[in-house]
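The values are calculated or read from the model by the stated rules, or taken from the named source; none is laboratory data. In this text the structure is predicted, and so the values were computed from the model without any measurement. Heads up, the Cβs are rebuilt from the backbone with ideal geometry, glycines too, and the neighbour counts pull from every protein chain shown. With ligands, DNA and RNA removed, areas are computed over all heavy atoms of the protein, side chains included. Shrake-Rupley method; radii C 1.70, N 1.55, O 1.52, S 1.80 Å.
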Amino acid sequence: MNKLILLIIGAAFMILSTGCGSVFDTIPKNTVLVKKIIQDPKGDEIEYEGVLSQDAVKTLSLQAVNKYFGENLTLDELQFELMAIDQNKFKDLLREASFRSTRQMKDDKSAPYPDEEHQYPPEYKKELDQMSGGLYYTTLTKSTNPIEAYDIVLNARDGEVMKISRIGPSRTPPSDNNKEKVFDIVDKFIKEKGSYKPSELSLKDMTYWGNVGELYYTGKDSDKIKYCVMVNWPTSEVIGFSKDVMALLNLYSRY
């Protein structure tokens, strides 16, 4: 479990699970999200006004896994877990991560905690406004191979994939790669499956998390982090990406 997952779990959230027992269902479902909950007495599923239903989230998460990782999985082959975090909680999470990373980069342990007006980097206001329904954080685990799983973060209103990553053993043997080879693989991924065209992005930074290399991109005419591609460095496999505020949070979580 990486730092970003711990950050999300550490925030106030609701967990809904199917096929995983009631251990996740510890917070009252009608008190977590800001939006009113519409409960259908005829079914077990709880729906939230203005956001995707659980069934829609399952379908979109599965489609994302099949699209980005070339799988041909069905929901019957997977166990599904879901967490929801509302927009305000996410803003708080982003603000705290921004403060922590800034303090560490400046090596100033005495820096005061940001006030309420410094809730998040203001240049990301447009992107955050588009997340008015919050985010769904889902995990799909293979029933036949529990060590292989997929983490997906979706915009709760429209299902846009904000982050996806594969967890589990590598599928290809280690290779004698170099940066140029990795760059070529990442460029191919962005061109074929990315949310932005390669011509719209500029490489900003690279970080490493164990064997995982993360390549962070800004827009051509901006310093805003737009995209992050995650690569298993020893095998040159692309194992995920994050975009916009999720890419920014991913970067902050490395500090």
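Summary of computed values
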item	result
Matching residues in region 59-76 - criterion: being more than 15 Å from Met162 (Cα to Cα) and not β-branched (Val, Ile, Thr)	Asn66, Phe69, Gly70, Glu71, Asn72, Leu73, Leu75, Asp76
Members of region 84-103 that are open to solvent by less than 20 Å² (accessible area, probe 1.4 Å), among the hydrophobic types (A, V, I, L, M, F, W, C) and touching a Phe, Trp or Tyr at 6+ places or on another chain (Cβ under 8 Å)	Ala84, Ile85, Leu94, Ala97
Val186 at pLDDT 95 or above and of a type in the set (A, V, I, L, M)	no
In region 25-77, residue modelled with the highest pLDDT [restricted to those that are assigned to a strand (DSSP E or B) and open to solvent by less than 50 Å² (accessible area, probe 1.4 Å)]	Tyr48
Only listed residue being among the small types (Gly, Ala, Ser), closer than 30 Å to Phe99 by Cβ and surrounded by fewer than 22 Cβ atoms within 10 Å (Cβ to Cβ), chosen from Ser253, Ser242	Ser253
So Ser195, is it within 13 Å of Tyr68 (Cβ to Cβ), at pLDDT 95 or above, of a type outside the set (A, V, I, L, M) and in contact with a Lys or Arg (Cβ under 9 Å, 6 or more places away or on another chain)	no
